[in-house]
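Down below is the structure, laid out as structure tokens.
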Amino acid sequence: MLYENLKDFTGKTCPCGKDHNVFVPELCIKNGAINEMPFFIEKFGAKKAFIIADENTYRAAGKKVCDILKKKAFQFVEYVISGTIKPDEYTVGRVVLHFVNDCDIIIAVGSGVINDTGKILSAIAKIPYIIVATAPSMDGYASKSSSVDVDGLKVSLSSRCADVIIGDLEVLKNAPLKMLKAGLGDMLAKYISIAEWRIAREIVGEYYCEEIAKLVRTALKKCIDNAKGLLERDETAVKAVFEGLVLCGIAMSFAGLSRPASGVEHYFSHIWDMRGLEFGSKTELHGLQCAVATLIAAGLYENIAKVTPSEKKALDFVSDFNYGAWSKKLSSFLGGAANIMIANERIEKKYDKEKHAERLRNIIDKWDVILKIVREEIPERKKILKILRFIKAPETPEELGIDCDLFTTFEATKDIRDKYVLSRLTWDLGIMEEVETWL
Ligand SMILES: [Zn+2]
Ligand SMILES: [Zn+2]
């Protein structure tokens, strides 16, 4: 089992220089894993549970959790959130208001929004937290932050990692098919994220850990090897995706960065989500968006492989670049969300000409190494397309229902934060115009 590999990380210094001594949640993935619930509750010495679910997840597994606790005569209070829930202040507020003070353990039953909310509540209440996963749809199960919309902006709030993650295969395999596909989509993104992590090390000297990268690659390979069974809800396929997603969350805590699991493809998805919040435009499940963006990024990297960097071209492009004009375009494309990016640029100085010249020297010196990384980590676009076709997942932004300009989306990905991704590389090379023709 992949989870066993995590033991290699504890108690010794890694070749990367870090000791990766971070909290790793207990994981129980098997058929009937929910039945282990009393064991975990007793382990924490808890006396009364606060159970959070929504109407769908209550049907999928919440009721079963309650039945098990009733049978054991264990005290609990349940709060089933009604209606369609969003990851925002309103949902968090509802849960906090319904929380009963003498509860000493939180059990959340669900996936993205429910888990993000449960993590926040457990951080506020400072009590243990168990997540009963209902879908292998995203990699936030093992992370200690929550993605929430605050004042209309998507932010990553520091919350708390689950103490126990319960993945009952009987529940997970019966999740909506769309969520199973999204889970695999979020895993596909790791082809790009690992490549960009290595590239960032070469160009901007970013910290990198090969052991963590290996862990993620192994998890991803397992998902791909078993992908054919996903549509039939095959247990091995579902297990590989769930385990892979949990592992990627842990890999991010090991690294102390999102690098092992998120690259430019995640930024495409973030931009679409930001526009959704700002303008009410359509968005899709995170993993489905990431899958489409992974396909786009793989195609762009194929074009990058044909580029010969030109120092003159890059320097001329950067000297002509007008940040004022660009920030105006960014504001009209993203609305209020652009303000933070523009404010960050004042501190980060990503567009500083001297910093650019320094990066460009590294890019030109190490171009062969960069291309080798692309070859080693990113499969051909057609291989990714084949996987998406096989699982009948959306292949284009249009199929996701997203209709904003793709090139502007790409351009905007370089401003999200100071993280070196493909769009930063193409800007550094002075080839943004070419990229427009590649999309
Ligand atoms: Zn390491
Ligand atoms: Zn993700």
Review point. Based on DSSP, what percent of beta bridges with both residues in region 72-193 are antiparallel, to the nearest 5?
Key: 40
Practice item. State, to one decimal in nm², a quarter of the convex hull surface area for the C-alpha atoms of the chain, i.e. the direction-averaged projected area. Key: 20.1
Point to revise | Peptides 289-301, 170-182, 73-85 ordered by average Cβ neighbours within 10 Å, highest first | key: 289-301, 170-182, 73-85
Point to revise | Per-peptide average of other Cβ atoms within 10 Å, ordering 306-314, 399-407, 251-259 highest first | key: 251-259, 399-407, 306-314
Exercise for review: Can you tell me the order of 143-153, 348-358 when each peptide is scored by its average per-residue count of other Cβ atoms within 10 angstrom, highest first?
Suggested key: 143-153, 348-358
**Study point:** Partners for Lys382 among lysines (Cα-Cα distance below 16 Å; same-chain residues under 8 apart left out)
**Key:** Lys392
Study note, to complete from the structure: In terms of the charge dipole of region 2-175, which places +1 on Lys and Arg and -1 on Asp and Glu at the beta carbon, the residue among Asn35, Ser147, Phe99 farthest towards the positive end is Asn35
Practice item. Obtain the nm distance between the two label points defined at Asp19 and Lys312 by a simple spin-label model: each point lies 7 Å from its Cα along the Cα-to-C-beta direction. Key: 5.5
Point to revise | Within region 106-229: Cβ-based charge dipole about Cα centre, in debye rounded to nearest 20 (Lys, Arg +1; Asp, Glu -1) | key: 240
Check your understanding: Hey, got the dipole for the chain? About the Cα centre, +1 on K and R Cβ, -1 on D and E Cβ, debye to the nearest 20?
Key -> 820
Exercise for review: Report relative contact order for region 1-72 in percent, whole number only (criteria: Cα-Cα under 8 Å, sequence separation at least 6).
Suggested key: 24
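From the cross-link list Lys154/Lys228; Lys63/Lys154; Lys154/Lys419, which pairs have alpha carbons spaced over 24 Å apart?
Checking Cα-Cα distances, Lys154/Lys228; Lys63/Lys154 exceed 24 Å.
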Review point. How many nm separate the modelled label positions at Phe279 and Lys382, each set 7 Å beyond the Cα in the direction of the Cβ?
Key: 3.5
Practice item. Pull up the cross-link candidates among the aspartates and glutamates for Lys30, meaning alpha carbon to alpha carbon under 17 Å and not fewer than 8 places away within one chain. Key: Glu4, Asp168, Glu170, Asp234, Glu235, Glu243
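Give me the number: length gained by fully extending Lys154 to Thr10, i.e. 0.36 nm times residue separation minus the C-alpha to C-alpha distance, one decimal in nm.
On the way: separation 144, 0.36 × 144 = 51.84 nm, distance 3.33 nm.
Residue separation times 0.36 nm, minus the Cα-Cα distance, leaves 48.5 nm.
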Exercise for review: Quick one: compute the contact order of region 144-195, relative version, from alpha carbon pairs under 8 angstrom and 6+ residues apart, as a percent.
Suggested key: 22
Exercise for review: Before anything else, pin down the relative contact order of region 2-175: Cα pairs under 8 Å, at least 6 apart, normalised by residue count, whole percent.
Suggested key: 26
**Study point:** Residue-wise HN-Hα coupling along region 42-57, computed from phi with Karplus coefficients 6.51, -1.76, 1.60 (Hz; x: Gly, Pro)
**Key:** 5, 4, 8, x, 6, 10, 8, 9, 10, 9, 10, 8, 10, 4, 5, 6
Review point. Which percentage, to the nearest 5, of the DSSP beta bridges contained in the chain is antiparallel?
Key: 20
Review point. Taking θ as phi - 60°, what are the ³J(HN,Hα) couplings along region 25-35 by the Karplus curve (6.51, -1.76, 1.60), each to the nearest whole Hz, with x for Gly and Pro?
Key: x, 6, 10, 10, 10, 5, 5, x, 4, 4, 5
**Study point:** Amide proton proximity set for Val77, modelled H, under 5 Å, gap of 5+
**Key:** Ala49, Phe50, Ile51
Point to revise | Residues listed by number, region 352-383, amide nitrogen under 14 Å from Glu210 label point at 7 Å toward C-beta | key: 373
Check your understanding: Between Arg346 and Asp67, what FRET efficiency comes out of the Förster formula 1/(1 + (r/R0)^6) with R0 = 60 Å and r the beta carbon distance, rounded to 0.05?
Key -> 0.60
Check your understanding: Are any of the pairs Lys48/Lys144; Lys173/Lys222; Lys181/Lys372 more than 27 Å apart by Cα-Cα distance, and if so, which?
Key -> Lys181/Lys372
Practice item. Would you mind telling me the antiparallel percentage of the DSSP bridges in region 2-175, rounded to 5? Key: 20
Review point. For Ala305 and Ser331 in the same chain, what is the full-extension length gain: residue separation times 0.36 nm, less their Cα-Cα distance, in nm?
Key: 6.2 nm
Revision key, fill the gap. Any residue on another chain or 5+ positions along whose placed amide H is under 5 Å from the amide H of Tyr129 is listed here as Ile106, Asp163, Val164
Review point. Under 14 Å Cα-Cα from Lys328, which aspartates and glutamates qualify once same-chain neighbours fewer than 8 residues away are excluded?
Key: Glu345, Glu411, Asp415
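Quick one: putting +1 on the C-beta of Lys and Arg, -1 on the C-beta of Asp and Glu, what dipole do you get for region 288-369 around its Cα centre, in Debye to the nearest 20? Working shown, then result.
Details: 13 positive and 11 negative charges, 36 e Å.
It works out to roughly 180 debye.
Throughout, read-outs are computed from the coordinates displayed, never taken from laboratory work. Keep in mind that what you see is a predicted model, and the values were worked out from it rather than measured. All Cβ positions, even for glycine, are placed from backbone atoms using ideal geometry, and neighbour counts span all protein chains on display.
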